[in-house]
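A.B. asks: Before we start, here is the structure in question, set down as structure tokens.
Each reported figure results from applying straightforward, stated rules to the coordinates on display, with no laboratory input. Just so we're clear, the structure is a prediction, and the values are computed from it rather than from any experiment. Methodologically, a virtual Cβ is constructed for each residue, glycine included, from the backbone with ideal geometry; neighbour enumeration extends over all protein chains shown.
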Amino acid sequence: MNWLELVGWAGSAVLVWSLLQTRILRLRAVNLVGCLVLIGYNAAVQVWPMVGLNVVLSVINVWYLRRLLTTRHDERTYQVVEVGADDAFLAHTLRVHAADIARFNPGFHPGQVTGRAAFLVVRADEVVGVVLVRDAGDGVAQVDLDYVTPPFRDFTPGEFVYRRSSLFTDRGFRQVVSPPGMVAPYYHRLGFRRAGNSFVLDLPAPSIPHP
């Protein structure tokens with residue numbers, strides 16, 4: 001087996017590996033790399049139909065990557081829906097993702113739902129994240145759960161909850177505190193400051209309407 005065949009096998013392996021990814025962004029990026037390698041290989045051995053196929057797949061991947069990256073912070077794409085703590089669909093979502101939730105939020109227990117403000121972050125009709133918040137007193141909103149579903153793990157959908165500060169200030173909160181010990185926290189990208197094992201967001205003072 002010469003080096004050119006090794007390149008072809010490597011490109012095929014990358015392409016197969018991409019299909020095993022659960023994260024949308026990573027799947028598209030890895031698939032694009034595999035396609036580019038196979039374009040070079042098939043051009044070298046002059047298999048033009050495969051060159052054409054991989055060129056088309058590369059264009060499709062680039063289009064989707066651009067769409068994902070340009071809409072990752074777009075409130076028209078990702079919306080926040082507040083639901084009751086006893087909402088049946090919320091309970092279903094927590095149950096389906098229980099094992100994954102425990103992996104990234106080891107301090108969360110299903111019994112912590114009652115008495116919390118619950119928010120679902122959705123893209124169209126697809127749930128991409130869940131945020132549960134409770135009143136910790138003294139104007140502090142304690143986040144007990146901030147969970148992102150696997151396909152959107154490369155994004156920060158919880159930001160749409162924290163960006164809408166009125167969700168908290170209307171309830172009299174002055175600070176938001178992240179769950180302690182959360183695995184792979186992303187709060188430093190949202191303006192939170194480190195405070196021990198958690199991150200804290202200082203909320204703007206609510207606007208006072210003029211008479």
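A.B. asks: Ratio of Rg to Rh for the chain, alpha carbon only, Kirkwood?
C.D. replies: Ratio value, two decimals: 1.12.
A.B. asks: For the pair ASP86 and LEU6, how long in nm is the line joining their label points, each one 7 Å along Cα→Cβ?
C.D. replies: 6.6 nm
A.B. asks: Could I ask something else about it? Measuring from label point to label point, each 7 Å out along Cα→Cβ, what is the ARG164 to GLU126 span in nm?
C.D. replies: Rounded to a tenth, the inter-label distance reads 2.0 nm.
A.B. asks: Then there's this: If the viscosity is 1.002 mPa s and the temperature 20 °C, what Stokes-Einstein diffusion coefficient in µm²/s follows for segment 60-129 when Rh is the Kirkwood radius over Cα pairs?
C.D. replies: Diffusion coefficient, whole number: 154 µm²/s.
A.B. asks: Tell me which DSSP H helices of the chain clear both cut-offs, 27 Å or more of axial length from alpha-carbon atoms and a mean Kyte-Doolittle hydropathy of at least -0.5.
C.D. replies: Both cut-offs are met by 24-44, 48-70.
A.B. asks: Going from the alpha-carbon gyration tensor of segment 126-195, what semi-axes, largest first and in whole Å, does one get by taking the root of 5 times each eigenvalue?
C.D. replies: 20, 13, 11
A.B. asks: Take segment 1-82, compute every pairwise Cα distance, and split them into 10 Å bins from 0; I just need the percent in each bin.
C.D. replies: Going out from 0 Å in 10 Å bins, segment 1-82 shows 18, 40, 25, 11, 5, 1 percent.
A.B. asks: Something else: Only helical DSSP H runs with n ≥ 4 go in: add -39500 (n - 2.57) per run for the chain, normalise by residue count and round the 222 nm mean residue ellipticity to 500 deg cm²/dmol.
C.D. replies: That comes out to -12500 deg cm²/dmol.
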